[in-house]
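Enquirer: Below you'll find the structure I mean.
The values are calculated or read from the model by the stated rules, or taken from the named source; none is laboratory data. The model shown is predicted, which means the values in this text are computed figures rather than measured ones. With ideal geometry, Cβ positions are generated from the backbone for all residues, glycine too; neighbour counts draw on all protein chains shown. Note: areas computed on protein heavy atoms with side chains; ligands, DNA, RNA excluded. Shrake-Rupley method; radii C 1.70, N 1.55, O 1.52, S 1.80 Å.
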Amino acid sequence: MPDGRLLADAASTLRAGGLVAFPTETVYGLGADATDPAAVRRIFAAKGRPADNPLIVHLADAADLDRVAARVSPLAAQLARRFWPGPLTLVLEAGDRLPPETTGGHPTVGVRVPDHPVARALLAAADRPVAAPSANRSGRPSPTTAAHVMADLGDVVDVIVDGGACVVGVESTVVDARGPHPVVLREGAVTREHLGVDGAASDAASPGTRYRHYAPRCQVLLAEQADAATTAAALSGGGARVAVVLPEAAPAPPGVEVVGRFGDPSALARDLYDALRRAEDAGADHVVVATVAEVGIGRAVMDRLRRAAAA
Ligand code: AMP
Ligand code: MG
């Protein structure tokens, strides 16, 4: 936990319209005062983010929901009670205190209360809703350590609060909570199983999901767990520089850089973006990633992996 003085400085920076990168349980966020249009425009400029891609608004406490939402549906109240603080973003009708910059011009707003002691202390001290997308350059893998933020945005943020590595590692589940049933717009660590919603694909596309995402500066290839090492070895034998992300037990192929190991799908979620960044740091042409089953958090992992591989 960073000391109180550093958090107080970071909160003052937010109140003065500055940009503060901070840890959450999912990924690092690039925060600005959600009610200050000029501050929010700085987020879009820093990330190189398309203006119609809406930001998630972060609150210290669910009791602040009516500061940002025009109407809190019974479903939203129920999901907030059950999953907040936590990795679930609720899409609701936007309140009129939020500028169009924050909502990307949409009539709705995505809101969440993060489950991270540093994020919650910072949000409480800032005493205002904080818009915070992932603290990466648009299109890059999301940051799960302060070093990742530094690498992408070190020259444009005012403060980076270092709270160690994120424990979830993939972005929040996004759910449209305006109607009677949750509609999953983006998969995350609050799973369809938790929500009691089935279906293999997203019910509807979230505005941001059509943009290029999660792409490192090397080609991402997916392989079944049993084939990942041999796929990587074959590419390496053909003369390419190859990195690989493997299950714990798989033997490392010679001549291939192992940039990540995972014991289960949630470990892969936690370490995936770090592994992709390690692969590019190693100068790899290709990174082969062993896949996981599409159940539970495996759905979110495979969603991010497919987008990374398509980029
Ligand atoms: P990021 O924080 O970088 O993961 O980006 C936030 C993402 O949350 C957006 O790209 C959308 O996919 C989703 N999101 C935020 N606000 C809304 C909203 N009002 N409606 C639907 N999806 C949203
Ligand atoms: Mg993002």
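Enquirer: Out of the residues in region 168-191 that are among the charged types (D, E, K, R) and more than 9 Å from the chain's Cα centre (by Cα), state the one that is surrounded by the most Cβ atoms within 10 Å (Cβ to Cβ). Even if it seems obvious, please write down each step before you answer.
Expert: Residues of region 168-191 that are among the charged types (D, E, K, R), as a first pass: 171, 176, 178, 186-187.
Next, only the ones that are more than 9 Å from the chain's Cα centre (by Cα) stay: 176, 178, 186-187.
Details: ASP176: 22, ARG178: 17, ARG186: 22, GLU187: 24.
Filtering region 168-191 for residues that are among the charged types (D, E, K, R) and more than 9 Å from the chain's Cα centre (by Cα), the one surrounded by the most Cβ atoms within 10 Å (Cβ to Cβ) comes out as GLU187.
To keep it simple, each residue is scored yes or no on (1) β-branched (Val, Ile, Thr); (2) open to solvent by less than 20 Å² (accessible area, probe 1.4 Å).
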| site | (1), (2) |
| --- | --- |
| SER12 | no, no |
| VAL20 | yes, yes |
| ALA46 | no, yes |
| ARG71 | no, no |
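Enquirer: Here's a follow-up. Any idea how many residues of region 100-114 are surrounded by fewer than 19 Cβ atoms within 10 Å (Cβ to Cβ) and part of a loop (DSSP other than H, G, I, E, B)?
Expert: Of the residues in that region, 3 qualify.
Enquirer: Condition first: open to solvent by 10 Å² or more (accessible area, probe 1.4 Å) and either part of a loop (DSSP other than H, G, I, E, B) or among the hydrophobic types (A, V, I, L, M, F, W, C) (or both). Now tell me which residues in region 115-132 satisfy that.
Expert: ASP115, HIS116, ALA121, ALA124, ALA125, ASP127, ARG128
Enquirer: Next question. I need the full set of residues from region 89-116 which are away from ligand 1 (no atom under 13 Å from the Cβ) and in contact with a Pro (Cβ under 9 Å, 6 or more places away or on another chain), in order please.
Expert: Of everything in region 89-116, those that are away from ligand 1 (no atom under 13 Å from the Cβ) and in contact with a Pro (Cβ under 9 Å, 6 or more places away or on another chain) turn out to be ARG97, PRO99, VAL113, ASP115, HIS116.
Enquirer: With VAL149, VAL170, VAL161 as the choices, which residue is within 16 Å of ligand 2 (Cβ to nearest atom), in contact (Cβ under 8 Å) with a residue 60 or more places away in the chain and in contact with a Phe, Trp or Tyr (Cβ under 7 Å, 6 or more places away or on another chain)? Lay out the reasoning, then the answer.
Expert: Working: VAL170 fails: in contact with a Phe, Trp or Tyr (Cβ under 7 Å, 6 or more places away or on another chain); VAL161 fails: within 16 Å of ligand 2 (Cβ to nearest atom).
Result: VAL149 is the single residue among VAL149, VAL170, VAL161 that is within 16 Å of ligand 2 (Cβ to nearest atom), in contact (Cβ under 8 Å) with a residue 60 or more places away in the chain and in contact with a Phe, Trp or Tyr (Cβ under 7 Å, 6 or more places away or on another chain).
Enquirer: For GLU93, work out the one condition from (1) buried (at least 24 other Cβ atoms within 10 Å of the Cβ); (2) part of a strand (DSSP E or B) it doesn't fulfil.
Expert: Among (1) buried (at least 24 other Cβ atoms within 10 Å of the Cβ); (2) part of a strand (DSSP E or B), GLU93 violates only (1).
Enquirer: Could you list all residues from region 134-156 that are open to solvent by 20 Å² or more (accessible area, probe 1.4 Å) and assigned to a loop (DSSP other than H, G, I, E, B)?
Expert: Matches in region 134-156: ARG137, SER138, ARG140, THR145, GLY154, ASP155, VAL156.
Enquirer: Which fully enclosed helices (runs of 4 or more DSSP H) of region 207-311 have 3 or more residues being of a type outside the set (Asp, Glu) and open to solvent by less than 10 Å² (accessible area, probe 1.4 Å)? Walk me through it before giving the result.
Expert: Values: elements: 228-237, 265-281, 298-310.
Here the list reads 265-281, 298-310.
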